[in-house]
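In what follows, a structure is listed as structure tokens, so that the remarks can point back to it.
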Amino acid sequence: MAAPDLRPTAVLFACSMNAVRSPMAEAIAQKLFPNQIYVRSAGVRPGKVDPFVDAVMAEIGADMSKHSPKTFEDLDESGFDLVITLAPEAHHKALELTRTDAVDVEYWPTLDPTLASGSREQILSEYRAVRDQLMMRIKKRLHWTPPPSG
């Protein structure tokens, strides 16, 4: 495993509409690495806030009320060390936008929980699965270590 000092300092998460997967990843990374990694998210197309995201993120203490979906073009910043894409179209867009930059672009295939059907609880279960998968991958990729207890 790489040393923690090789952790990226600025990470962009990207998905289709910046409404579900990438904002979840952004909030998880901010929660795990407060004041350690600059984190943002964006989408290929503008999306709408998803109440299921708010519900499953609140379960882990992440407040999504300030999130408003934005596109790559809406980003005010650049200079990310790492772009993690969570949907095929976001991966293609990120590669296109960063082709002349020294930035790593990684594709993490991530299911779209908005395709889930059934009862409210069944749908929430799909959103939780995506949240938990993102949590696990972010911890591993960004070299998270639990804070010392005491």
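Rounded if a/c is under 1.5, else prolate if a/b beats b/c, else oblate: with a ≥ b ≥ c from the C-alpha gyration tensor eigenvalues square-rooted, which is segment 1-85?
Because a/c hits 1.5 or more and a/b fails to exceed b/c, segment 1-85 counts as oblate.
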Seminar exercise, completed: Looks like segment 66-125, by Cα gyration tensor root eigenvalues a ≥ b ≥ c and the a/c under 1.5 rounded cutoff (else prolate when a/b is bigger than b/c, oblate otherwise), is prolate
Problem set entry | Simple Cβ-charge dipole of the chain, Lys/Arg +1 and Asp/Glu -1, about Cα centre, in debye nearest 20 | 280
Exercise. Using Cα pairs under 8 angstrom and six or more residues apart, how large is the relative contact order of segment 1-66, in percent?
Worked result: 34
For this session: Set Lys and Arg Cβ to +1 and Asp and Glu Cβ to -1, take the dipole of the chain about its Cα centre, and tell me which of GLN30, LEU95, PRO46 lies farthest positive.
Result: GLN30
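Can you tell me the length gained on complete extension of the stretch ALA55 to SER117, counting 0.36 nm per residue apart and subtracting the Cα distance?
Numbers: separation 62, 0.36 × 62 = 22.32 nm, distance 1.66 nm.
Stretched fully, the ALA55-SER117 segment lengthens by 20.7 nm.
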Exercise. So what is the calculated 222 nm ellipticity per residue for the chain, using -39500 (n - 2.57) for each DSSP H run with n of 4 or more, over all residues, to the nearest 500 deg cm²/dmol?
Worked result: -11000 deg cm²/dmol
For this session: Please list, or write none, the lysines whose alpha carbon is within less than 20 Å of the alpha carbon of LYS140, excluding same-chain residues fewer than 8 places away.
Result: LYS31
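What number, in percent, do you get for the relative contact order of the chain if the mean sequence gap of Cα pairs under 8 Å and at least 6 apart is divided by its residue count?
RCO, the chain: 28 percent.
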Problem set entry | Three-way shape call for segment 93-150 based on the alpha-carbon gyration tensor, with the a/c threshold at 1.5 | oblate
For this session: Distance from a point 7 Å along Cα→Cβ of LEU75 to each backbone N in segment 87-124: keep the residues under 15 Å and list them by number.
Result: 87, 89-108
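Computed from the coordinates by the stated procedures, all read-outs in this text should not be read as laboratory data. Note that the coordinates shown come from a computational prediction; the quantities given were computed from them, not determined experimentally. Positions of Cβ are backbone-derived with ideal geometry, glycine not excepted, and every protein chain shown enters the neighbour counts.
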